[in-house]
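Just so it is clear, none of the values below were taken in a lab; they were calculated from the coordinates. What you are looking at is a predicted structure, and each value in this text was computed from that prediction instead of being measured. Positions of Cβ are backbone-derived with ideal geometry, glycine not excepted, and every protein chain shown enters the neighbour counts.
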Amino acid sequence: MMPDMESNHHLNRFLREEDQKPLQHLPYTVLKEADISQRQLDDITQVCSTLSVSRSAAIILLRHCNWNVSKLFDNWFDEEDEVRITVGLFKNPPVDQFSTDGSLVKYFCFETFPGGDGFDDQRISSTFCDHFYCRACWVGYISKSIANDGLGCLSLKCPHPCCGAAVGEDMIFVLAAESADKDKYLRYLLRSYVEDSYRKRKIKWCPAPGCDHAVDFVDYVGGSGGACDVSCLCSYKFCWNCNEEAHSPVKCDTVAKWILKHKDESENTNWILVNTKPCPECRRPIEKNQGCSHMRCRAPCKFEFCWICLGPWGGSHSCNSYLQGVKNKSDKRKEVAKLNLDRYIHYYERWVANHESRQKALVDFQLVQDVHLKKLDRKYRQTNPILSFIREAWLKIIECRRVLKWSYAYGYYFPTHEHGKRQFFEYLQGEAESGLEKLHHCAEVELEEHINADKPIEDFIEFRTKLVQLTVLIGNYFKNLVRAMENDLPEISSYGDYWSCYICTYVNEGSATMCVMCSSQSPVHGEV
Amino acid sequence: MANSNLPRRIIKETQRLLSEPAPGISASPSEDNMRYFNVMILGPTQSPYEGGVFKLELFLPEEYPMAAPKVRFLTKIYHPNIDKLGRICLDILKDKWSPALQIRTVLLSIQALLSAPNPDDPLSENIAKHWKSNEAEAVETAKEWTRLYASGV
């Protein structure tokens, strides 16, 4: 059966438009480990050739100047001797002098070596001083530093306490006990190029577990509180400013507060306030875990009281009489805590729900890519580019779930006094959410039907049109939501008795249910 | 047991500490653990700790001499660089440790620290504050503590 040509034409036009969008210039570059190594090697080579120093010396000098080649050249040509002394690249090595009182040891191992050639084989000094130690001592010293000192092993000095001569890479490679130590040393050297770099405000590792890529943010200015999302080659998206997962359009400080909030013990405290009562005697919180209201506090207090009225428990206790207007401080505190906890739970549950939906969508998307698209390809003989509308829909779902998730953190911290703004934000959020649910259902459930059921191609073309339209529509909903969150809803006036129309911006009286200019309904008074 | 396969260095250092003790310092290994030393340091003359005998414990970790010995005062002492648990703020016991140093050097440095307290790099904030705001009074307190806790060892 021939597919509906008009639908096909509509879809292909949409796909062509998508393909023809110009590639966005990214303000950052993702660097693989090999790229970082190459950059590092280029800098080292440049220093070696310009200053006529060994590779080991070049590394020591570059680390001292935070891998800033031009700064190193400036310092070196201004004050070579001073730089040498500071980093421990001595021209005239300090003489091998050991204290006569024996408070310093010549060999850490206390071995004595006979004179002659055999002894010379064992005696080794740093390249930049004349303090000799035996090979075994050096091996132990270097291995210990690589194992325990982290990046500090790159700044290793001669063991003599008053010396300070640098121990370079050449010596470490000769003396490192195991190849694992050498690998570790090279790893630290690579890390140093990113972590000690003078450009460390513009280059950092991707925070995803197990990812070895770094991100070089070429156009980064910094200082703004706004989110700045970066997408690594490992497909992890993170915020450049705060290193948390990508959270635009929500600002970093809101995210920090939110993360602290749901890591914090404060919610446990709230739970205790809501679900327990303090013993009237010792104030220890008590949870009621049995039916009877006769409570007995734990030792050493052992106070017996009534759970309902918190009065002491008598032989024939009753607290059924209503005493009007009597409300103790504890009750008021509990009410406020309960309201706050309920409010937090409302936002937190929705934040988690969208987080989990996104995680599930990521897994489902992988399945769609690996299995479902191939099935559809075989079933309807549709080529992969034609089927890319499904991929687009899933990518939109994943991105929108992320935005929606963070919109709940944004909503939680929304100023309570700005009622108009809040209602408009919640309206936009609601529209976006219900639209996204439709899109997610369509991409998940309806797609499944087309994969598993024996449906004619016309149905598939109809489904395709529906999914494409939903993808575009939801994209627009979320654009509006993101714009509103980024700009803190400037369309809505905060002044109590007026509201600003979000379509024509006319300022209407607070009581007006429709815009006087364009007849749009007020978001405060009902559905638009 | 900690005594089996004791490195030659520890054996030699121990022998030397016992045969040629540093003035005002005695250090002897524990019978059941040769890496654990009972140390006594005499309060240096012309210091608030003069006349006191201070007990310390010193332990050589498995990685010694690549790692610094662990040292702690057991006798209560009023000193800006020693806290109430007896822990000592001394560079060579931390980042400035070198395997070229040894037990003798460490104990001499601790003795020197008693002669020259450094309230600018304190371990005990309160004592350091006291030392800086009213040194004479702080010195008196140190003398009093020496008399109370370090004279009857």
As a Kirkwood estimate from alpha-carbon pairs, segment B:1-87 has a hydrodynamic radius in angstrom of 14.1
Length gained, A:Leu233-A:Ser52, 0.36 nm per residue minus C-alpha separation, equals 61.4 nm
With 0.36 nm assigned to each residue of separation and the Cα-Cα distance removed, A:Leu186 to A:Trp307 gains 36.9 nm
In order over segment B:25-36: 3J(HN,Hα) from phi, Karplus 6.51/-1.76/1.60, θ = phi - 60°, whole Hz, x for each Gly or Pro, gives 9, 10, 9, 9, x, 5, 5, 9, 8, 6, 8, 10
So, with points 7 Å from each Cα along the Cβ direction, the A:Val174-A:Glu195 label distance in nm works out to 2.8
Quick calc, B:Lys94 & B:Leu148: beta-carbon distance into FRET formula, R0 22 Å, rounding 0.05, result 0.15
The simple spin-label model distance between B:Arg87 and B:Asn134, using points 7 Å out along Cα→Cβ, in nm, is 2.9
Surpassing 31 Å at the alpha-carbon level, of the pairs A:Lys32/A:Lys257; A:Lys257/A:Lys466; A:Lys261/A:Lys288, are A:Lys32/A:Lys257; A:Lys257/A:Lys466
One quarter of the C-alpha convex hull surface, i.e. the mean projected area of segment B:2-149 in nm², amounts to 8.8
Karplus ³J(HN,Hα) for segment A:228-243 (6.51 cos²θ - 1.76 cosθ + 1.60, θ = phi - 60°; Hz, whole; x = Gly/Pro) runs 9, 7, 10, 10, 7, 5, 7, 6, 7, 9, 9, 8, 5, 5, 10, 6
Per the 1/(1 + (r/R0)^6) rule, R0 = 56 Å and r from the Cβ atoms of A:Tyr413 and B:Tyr36, FRET efficiency to 0.05 is 0.50
For B:Gln15 and B:Ser115, extending 7 Å from Cα along the Cα-Cβ vector and measuring point to point gives, in nm, a value of 3.0
Counting only DSSP loop positions in segment A:142-201, the GluC sites (Glu not before Pro) whose Cβ has at most 10 other Cβ atoms within 10 Å are none
Candidate cut points under GluC sites (Glu not before Pro) in segment B:11-119, DSSP loop plus at most 11 other Cβ atoms within 10 Å of their own Cβ, are B:Glu31, B:Glu62
From the Cα centre of segment B:98-133 to that of segment A:387-419, the distance in Å is 58
Rounded to the nearest 0.05, FRET efficiency between A:Ser520 and A:Asp35 (Cβ-Cβ, R0 60 Å) equals 0.70
